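These notes concern the structure reproduced below.
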Amino acid sequence: MNHPLFRLPVPAILAVTFALTVPALTAQEKITNKGVKKRVALMLSAQGAVTTLTEMMAGRMVFDAGQARAARRVLVQTSSSTSRRFRKPHQDPLSNARPDIWTYWEEFSTHADISEQAAKQLNTYSLSGLQRTLPNVLHSCLSCHERFRETPNEFVTH
């Protein structure tokens, strides 16, 4: 793939990923739209799994194949549910979803499919396998967020 994000070094990808996925637990409580709340919960689940895997990949957490496989399952489940959760254009002032999602639904769906495939191809049997395959997952997340997510306000996500 020739997208500039695919040429970034892994530490830069991790830094950008964390910057784009600031936890939103307190903001989530203030969201009034149930559809937006469900989207935020879905993305926070994915964020938790990505955090676990990036911590292992970076050596800040001991690699544990069982824990890595559990995080992979969460990513596969969340990525396969993304299109369904975003299908209806629920709005809330605390949402960071751009209206372009619904204007360019096919493109958004393609991003979701790419994320699901990257999650399915994630190798969680060894640290070297994780280090080789996790960047593809991170790239797919960043690519979608770059296109379809507003820059989050403090403590707000999706």
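We did not get these values from a lab; they are worked out from the coordinates using the rules stated. No experiment lies behind these values; they were computed from the predicted model shown. When we count neighbours, we look across all protein chains shown, and the Cβ atoms used for this are built from the backbone with ideal geometry, even at glycine.
With respect to V74, is the statement that it is β-branched (V, I, T), part of a helix (DSSP H, G or I) and in contact (Cβ under 8 Å) with a residue 40 or more places away in the chain true?
Values: β-branched (V, I, T): yes; part of a helix (DSSP H, G or I): yes; in contact (Cβ under 8 Å) with a residue 40 or more places away in the chain: no.
So V74 does not fit the description; no.
Scanning region 70-98 for residues being within 15 Å of V137 (Cβ to Cβ) and of a type outside the set (A, V, I, L, M, F, W, C) gives a total of 7. For T103, the criteria (1) touching a Pro at 6+ places or on another chain (Cβ under 8 Å); (2) without any contact (Cβ under 8 Å) to a residue 12 or more places away in the chain hold in every case but one, which is (1).
Taking region 96-147 as the range and being under 22 Å from F63 (Cα atoms) and of a type in the set (D, E, K, R) as the test, the residues that pass are K120, R132.
Take region 77-115 and flag every residue that is in a helix (DSSP H, G or I) and aliphatic (A, V, I, L, M).
In the first step, residues of region 77-115 are kept if they are in a helix (DSSP H, G or I); the result is 77-86, 100-103, 105-115.
Within region 77-115, I101, A112, I114 qualify.
Here the condition is being in contact with a Lys or Arg (Cβ under 9 Å, 6 or more places away or on another chain) and surrounded by fewer than 17 Cβ atoms within 10 Å (Cβ to Cβ); of D100, D92, D64, it holds for D100 alone. Applying a threshold of 9 Å to beta carbon distances and a minimum spacing of six or more residues, or different chains, the list of pairs starting in region 55-68 at a residue that is of a type in the set (F, W, Y) and ending at one that is not in a loop (DSSP other than H, G, I, E, B) reads F63/M56; F63/M57; F63/L127; F63/L130. The residue that is farthest from the chain's Cα centre (by Cα), among those in region 29-55 that are in a loop (DSSP other than H, G, I, E, B) and surrounded by fewer than 17 Cβ atoms within 10 Å (Cβ to Cβ), is T32.
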